[in-house]
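Any read-out appearing in this document is the output of simple, stated calculations on the displayed coordinates, not a laboratory observation. Computed from a predicted structure; not experimentally measured. FYI the Cβ positions are ideal-geometry reconstructions off the backbone, even for glycines, and counts take in every protein chain you see.
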Protein chains: 4
Amino acid sequence: MVGTITLVYDHHVHDLAEKLTEQQHAHNDQIISSLHVHLDAHNCLEVLVSRGKASEVKRIADELLGVKGVKHGKLVMTSTGEELH
Amino acid sequence: MVGTITLVYDHHVHDLAEKLTEQQHAHNDQIISSLHVHLDAHNCLEVLVSRGKASEVKRIADELLGVKGVKHGKLVMTSTGEELH
Amino acid sequence: MVGTITLVYDHHVHDLAEKLTEQQHAHNDQIISSLHVHLDAHNCLEVLVSRGKASEVKRIADELLGVKGVKHGKLVMTSTGEELH
Amino acid sequence: MVGTITLVYDHHVHDLAEKLTEQQHAHNDQIISSLHVHLDAHNCLEVLVSRGKASEVKRIADELLGVKGVKHGKLVMTSTGEELH
């Protein structure tokens with residue numbers, strides 16, 4: 001399965017960016033890459049693309065969404081499309 | 001408002017990549033950037049970040065999800081977070 | 001080795017977007033992901049992240065930069081940093 | 001002008017991720033978005049797309065490449081392609 005995880009957070013919250021980076025590296029086999037958009041002076045939007053078993057992708061999303069300071073987050077799951085082919 | 005639009009499609013469908021690019025450029029004021037991951041020999045995952053009025057972001061998403069050949073798609077809306085600050 | 005390949009092209013050139021996508025999928029083991037920014041009504045900026053042997057990364061870049069209609073392109077090679085650690 | 005800035009850094013260096021994010025937000029009018037790839041347990045690859053006057057884009061790149069802990073970095077400048085049209 002592939003999941004995209006959308007996060008909005010304030011990068012001024014102490015250590016938040018570092019904690020998010022840390023957790024992403026702990027799962028660097030599952031997280032393919034991420035896109036970062038600087039919304040304004042405070043807020044970041046980050047979209048992560050994660051690949052793995054459905055349960056793994058969900059767990060990674062839960063961990064990231066649970067980090068203190070994350071204002072909004074959402075997981076979209078999709079298959080790699082092979083069975084749709 | 002900011003929206004992330006997740007699309008999965010088969011890039012072999014004739015003209016699909018071109019139609020998607022065309023529609024994105026028609027809205028190039030609203031679409032900040034997109035992340036593309038080549039899932040396998042057939043399937044692409046694309047995540048677009050779009051910014052504008054809620055109704056505009058929704059309309060762009062509907063247009064893209066309605067392109068023939070798109071297998072899966074989903075819009076996640078989020079605020080820019082200013083009112084959450 | 002890891003390389004980032006920057007491309008600027010006009011998406012109106014017939015079949016260009018499709019040819020670029022095609023070539024990227026032919027190398028989908030080496031190309032991790034790409035970032036696309038719609039510069040204006042005509043021009044796209046695409047940055048690809050490619051991983052593999054130096055010779056492979058260079059060959060992929062040459063192929064992409066050689067596609068007719070690509071206005072500007074540049075490869076930046078970097079190591080994965082392990083030997084720098 | 002548009003520039004792509006490629007950075008490789010070790011996210012374990014204290015405060016590095018935070019300093020990089022801080023500097024990017026100080027220029028959030030010029031930096032459109034960035035792509036992040038987790039290379040391994042230590043190293044990050046980040047590609048930023050920056051838009052502005054040539055001198056501004058160059059200054060942003062110099063600031064980012066000068067942050068302590070950045071192992072490798074490179075700026076690729078390109079025009080928005082309008083004059084090439």
Starting from segment A:61-72, take each residue that is closer than 16 Å to B:Ser79 by Cα and list its partners that are exposed (fewer than 15 other Cβ atoms within 10 Å of the Cβ), counting only C-beta distances under 7 angstrom and pairs at least six apart or across chains. A:Lys71/B:Leu84
Out of D:Lys53, D:Lys68, D:Lys19, which single residue is surrounded by fewer than 20 Cβ atoms within 10 Å (Cβ to Cβ) and either within 11 Å of chain C (Cβ to nearest Cβ) or within 19 Å of A:Ser34 (Cβ to Cβ) (or both)? D:Lys19
Selection from segment D:22-50 of residues that are crowded, with 22+ Cβ neighbours inside 10 Å, among the polar types (S, T, N, Q) and facing another protein chain (nearest Cβ under 7 Å): D:Gln24, D:Ser33, D:Ser34, D:Asn43
Quick check on my filter: what residues within segment A:1-16 are within 8 Å of chain B (Cβ to nearest Cβ) and either under 15 Å from B:Val8 (Cβ atoms) or free of Cβ contacts under 8 Å to residues at least 12 places away in the same chain (or both)? A:Val2, A:Thr4
Assess whether A:Glu63 counts as being in contact with a helix residue (DSSP H, G or I) (Cβ under 8 Å, 6 or more places away or on another chain) and either more than 8 Å from every other protein chain (Cβ to nearest Cβ) or under 25 Å from D:His14 (Cα atoms) (or both). yes
